[in-house]
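The structure appears right after this line, and notes come after that.
Rule-based calculations on the coordinates, nothing more; no lab input. From a predicted model like this one, the values you see are computed outputs, not experimental measurements. Ideal geometry is used to build each Cβ from the backbone, glycine not excepted, and the neighbour counts take in all protein chains shown.
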Amino acid sequence: MLKRAKRSGWWIAGVKDPETIAEHSFRTAVVGSVLALMEGADPAKVALMCTFHDTQETRIGDIPHIGRRYLTASSNQTVTADQVSAAHPAVAAGINRVVEEYETGDSLEVIVAHDADKLECLLQAVEYREQGHSNVQNWIDTSLAALKTASAHQLANAALKMTSVEWQQTYLR
């Protein structure tokens with residue numbers, strides 16, 4: 001389902017065909033792994049948190065930030081518990097534990113996973129800006145302001161100073 005569901009908040013910025021939630025989650029997991037390695041956190045644990053951080057959107061959709069002023073949604077933990085209620089007990093317990101930690105924990109892995117989510121949003125906004133969408137600055141500003149780790153700030157600043165092609169040529173040789 002996450003492969004079919006679009007990140008609808010980008011429609012507010014005029015992006016007609018935004019990335020899917022699955023695309024966002026995958027890149028968040030990759031970014032999270034990189035940040036974890038840079039910060040000395042457990043990259044596997046961070047990647048797992050990032051993989052499951054938005055799975056609740058298969059039930060409640062991608063509620064844009066402005067929409068949250070008008071809606072009261074169930075907690076991500078409640079949605080996750082419902083989603084995995086028929087799963088193998090070990091799977092249900094494991095996923096519930098990962099989501100609970102992501103939502104309420106304060107470990108280095110949780111901080112890095114949250115940074116990965118915000119950094120991925122910033123990267124996506126920069127890419128949309130390169131494609132001519134001028135209404136994405138708020139996503140860049142709020143994502144940048146939410147970053148906590150030095151590594152996330154370092155990567156965000158690099159992304160803001162170069163094009164996505166330069167980024168690829170510099171960091172992905």
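Observations
- Projected label distance in nm at residue 103 and residue 30, using a 7 Å step from Cα toward the beta-carbon: 2.9
- Once the chain from residue 92 to residue 44 is taken as fully extended at 0.36 nm per residue, the excess over their C-alpha distance is 15.4 nm.
- Residue 138/residue 85 FRET efficiency (R0 41 Å; Cβ-Cβ; nearest 0.05): 0.65
- Of all the options 59, 97, 69, the one that moves most in a Gaussian network model of the chain with Cα springs shorter than 10 angstrom is 69.
- Segment 10-94 shape via C-alpha gyration tensor axes, a/c threshold 1.5: oblate
- For the chain, the longest principal axis of the alpha carbon atoms and the long axis of helix 43-52 meet at an angle near 80°.
- Pairs spanning more than 25 Å between alpha-carbon atoms, out of 16/45; 45/118; 16/148; 6/148; 3/161: 16/45; 16/148; 6/148; 3/161.
- Think of segment 76-166 as having a plus end and a minus end, set by charges on the Cβ of Lys, Arg, Asp and Glu; of 133, 99, 86, 133 sits farthest toward the positive end of this dipole.
- For segment 29-43 versus segment 96-173, the inter-centroid distance based on Cα atoms is 13 Å.
- Fully extending the segment from residue 130 to residue 166 would add 11.7 nm, taking 0.36 nm per residue of separation and subtracting the current Cα-Cα distance.
- Sorting 17-24, 141-148 by their mean Cβ neighbour count within 10 Å, with the most densely packed peptide first, gives 17-24, 141-148.
- The chain: angle of helix 108-130 to the longest principal axis, Cα-based, in degrees nearest 10: 50
- Each helix, a run of at least 4 DSSP H residues, gives -39500 (n - 2.57); summed and divided by the residues of the chain, these come to -20000 deg cm²/dmol at 222 nm.
- The C-alpha atoms of the chain define a longest principal axis, and helix 150-161 lies at about 40 degrees to it.
- Order by protection proxy (mean Cβ within 10 Å, highest first), peptides 1-7, 48-54: 48-54, 1-7
- Overall form of segment 14-173 per C-alpha gyration tensor (a/c, 1.5; a/b vs b/c): oblate
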